[in-house]
Amino acid sequence: MNVMIIGSGGREHALGWKLSQSPRCDKIFFVPGNAGTAQIGTNVNLTLEPVNTKNADAIDYFCRQNKIELIVIGPEDPLAAGLADRLARPGRSVFGPTAAAARLEADKAYAKHLMRLASVPTAEYRTFTDPEAALAYVQAHETPLVVKAAGLAKGKGVMVCDNSDQAAAAIKRLMRSNEFDQAGKTIVVEERLVGQELSVLALVDGDTIFVLDPAQDHKQVGEGDSGPNTGGMGAYCPTPLLSEELTRQIESEVLVPIVDAMRREGITYRGVLYAGLMLTAGGPKVLEFNCRFGDPECQPLMMRLQGDLLEAMLATCHGKLEQVDLSWDPRCCCCVVMASRGYPGPYEKGKVITGIDRAQASEGVRVFHAGTALKDGQAVSAGGRVLSVCAMGDDLADAQRRANEACDKIHFEGAFFRRDIGYRVMAKV
Ligand code: AMP
Ligand code: GLY
């Protein structure tokens, strides 16, 4: 079976690497891919944005020409814009939810509404379309609040505030200066929660839910969780934060009710459902839902996944997850993101990357490319998050040490990374 993977991040490289291990997988085409995906498949330059009839038809034509039977859509933007809907054809499987289902990520006001309907534990909230009403609300609340753009904003539309002045400033940024364009037209203002964060991802086939091992992301750019938020600077899996019992609780109190609530709205959820959770003193509460694999969470998940991902994805598309058998490597995996100087602000590009082979020579180490491109046959940096360096270890400390050692072998000018991935739980061990 030939496969197309849409996206160009570490997530897509990791998915392609895992899919390529399936005995049923023939060729893999990446749209657009990166320097790493070119080593395991063919990069194809097709226009993804906007998701309209013309661009979808071009992808469809390419898939027919190349006998592609499975399309995996990695990122949220094309999903929210309805690419899965447009590419669905008899005889072809598209892994990723429809636009209606992806609204769970693309519209935080809608997600909160559904959570309330389904009694899913989440922060108390209000939604606003009128800046004056939002400002009046936060002035009357002295407790710490979080202000969120309802629409997609590449992870930058969430402002965690200490007091009402900061919340007012956030509202002005989102609603008055239109920094986030349409995404900030509606905002969600919610209670600020405290606790450890974790990512629980599940495959959902419309009915059956298969919960993947829990992971923990590190969103802030600096060690000790300092500095601005990024797309994610590293993740490890599994996390000791979740007991078997707590996992079952999240499945029955979060995942099952939200999928059921969508079904009652006439929406069948198929694909990955990602719950971003805070473990509060009052139990786990949902911060957000995403309609796709997390990046970088996907990379350690793929490193540990045992079993056939291609079969699991097909089963997800066709309501047959019940028949799927997946298990996990018992070891821990730590993924460290190597980023370009300046990230998450304006960053440098075009720096030659060396040492990847040397890093990968160690057992259990794998380097997935994210923001890279090929220039004169060499891999160069081409994005803010450049590489996802993954290492397996007997425990988290061992995995972290091995991932950091691997990063030390890799060079590009201005590269930086966090050496402390996993520290939030390691300090307690
Ligand atoms: P989101 O995209 O909604 O997950 O938010 C991005 C980040 O903001 C999360 O990973 C949290 O670190 C933080 N955050 C979001 N909502 C809350 C909340 N209600 N309380 C505290 N922190 C939050
Ligand atoms: N790592 C966070 C995300 O993918 O949204």
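The values are calculated or read from the model by the stated rules, or taken from the named source; none is laboratory data. Remember, it's a predicted structure, so these values are computed and weren't measured experimentally. All Cβ positions, glycine included, derive from the backbone under ideal geometry; neighbour counts span all protein chains shown. Remember, those area values only see protein heavy atoms, side chains included, never the ligands or the DNA or RNA. Shrake-Rupley method; radii C 1.70, N 1.55, O 1.52, S 1.80 Å.
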So, of the residues in segment 323-337 that are in a loop (DSSP other than H, G, I, E, B) and of a type outside the set (A, V, I, L, M, F, W, C), which turns out to be modelled with the lowest pLDDT?
-> D325
Within the set of pairs 6 or more residues apart or between chains, which connect a residue that is at negative phi and open to solvent by 10 Å² or more (accessible area, probe 1.4 Å) inside segment 1-29 to a residue that is within 16 Å of ligand 2 (Cβ to nearest atom) and in a loop (DSSP other than H, G, I, E, B) with Cβ atoms less than 6 Å apart?
-> G9/D295; G9/A370; R11/G74; R11/F293; R11/D295
Which condition does M233 not pass, out of (1) closer than 26 Å to F417 by Cα; (2) touching a strand residue (DSSP E or B) at 6+ places or on another chain (Cβ under 6 Å); (3) away from ligand 2 (no atom under 16 Å from the Cβ), if it passes all the others?
-> (3)
In segment 295-308, residue nearest to ligand 2 (Cβ to nearest atom) [restricted to those that are crowded, with 24+ Cβ neighbours inside 10 Å and assigned to a helix (DSSP H, G or I)] = C298
Going by the conditions given, is G33 closer than 15 Å to F368 by Cα and free of Cβ contacts under 8 Å to residues at least 60 places away in the same chain?
-> yes
For segment 338-429, which helices (runs of 4 or more DSSP H) that fit wholly inside it have 3 or more residues that are in contact with a strand residue (DSSP E or B) (Cβ under 7 Å, 6 or more places away or on another chain), of a type in the set (F, W, Y) and open to solvent by less than 40 Å² (accessible area, probe 1.4 Å)?
-> none
Mind checking whether some residue in segment 180-188 is out of contact with any helix residue (DSSP H, G or I) (no Cβ under 7 Å at 6 or more places or on another chain), closer than 30 Å to D325 by Cα, touching a residue at least 24 places away in the same chain (Cβ under 8 Å) and in a loop (DSSP other than H, G, I, E, B)?
-> no
Segment 53-75, residues that are in a helix (DSSP H, G or I), among the aliphatic types (A, V, I, L, M) and out of contact with any helix residue (DSSP H, G or I) (no Cβ under 6 Å at 6 or more places or on another chain) = A58, I59
Looking only at segment 30-47, which residues are assigned to a loop (DSSP other than H, G, I, E, B) and surrounded by fewer than 21 Cβ atoms within 10 Å (Cβ to Cβ)?
-> I40, V44, N45, L46, T47
Given the conditions (1) more than 25 Å from the chain's Cα centre (by Cα); (2) touching a residue at least 24 places away in the same chain (Cβ under 8 Å), and given that Q166 satisfies all but one, which numbered condition is not satisfied?
-> (2)
Hey, could you check segment 268-277 for residues that are in contact with a Pro (Cβ under 9 Å, 6 or more places away or on another chain) and open to solvent by less than 20 Å² (accessible area, probe 1.4 Å) and say which is nearest to T316 (Cα to Cα)?
-> G271
Would you point out the residue of segment 227-260, among those that are part of a strand (DSSP E or B) and at pLDDT below 95, that is farthest from the chain's Cα centre (by Cα)?
-> G227
Applying the selection to segment 236-259, what residues are touching a residue at least 12 places away in the same chain (Cβ under 8 Å), open to solvent by 50 Å² or more (accessible area, probe 1.4 Å) and under 15 Å from F210 (Cα atoms)?
-> Q249, E253, V256
Answer yes or no as to whether L174 is near ligand 1 (Cβ under 10 Å from one of its atoms), buried (at least 20 other Cβ atoms within 10 Å of the Cβ) and either farther than 27 Å from V72 by Cα or of a type in the set (V, I, T) (or both).
-> no
If you check R292 against the conditions, is it assigned to a loop (DSSP other than H, G, I, E, B) and within 16 Å of ligand 2 (Cβ to nearest atom)?
-> yes
Is at least one residue of segment 214-223 open to solvent by 50 Å² or more (accessible area, probe 1.4 Å), without any contact (Cβ under 8 Å) to a residue 40 or more places away in the chain, more than 11 Å from ligand 1 (Cβ to nearest atom) and not in a strand (DSSP E or B)?
-> no
Working only within segment 63-99, note down all residues that are open to solvent by 40 Å² or more (accessible area, probe 1.4 Å) and free of Cβ contacts under 8 Å to residues at least 40 places away in the same chain.
-> R64, Q65, A81, D85, R86, A88, R89, P90, G91
Any idea which of (1) buried (at least 18 other Cβ atoms within 10 Å of the Cβ); (2) more than 22 Å from G271 (Cβ to Cβ); (3) within 16 Å of ligand 2 (Cβ to nearest atom) is the one E190 doesn't satisfy?
-> (3)
Name the residues in segment 135-157 that are buried (at least 19 other Cβ atoms within 10 Å of the Cβ) and within 13 Å of ligand 1 (Cβ to nearest atom), would you?
-> L145, V146, V147, K148, A149, A150, G151, L152, G157
Looking at M262, M233, which one is within 16 Å of ligand 1 (Cβ to nearest atom) and either more than 30 Å from A140 (Cα to Cα) or open to solvent by 20 Å² or more (accessible area, probe 1.4 Å) (or both)?
-> M233
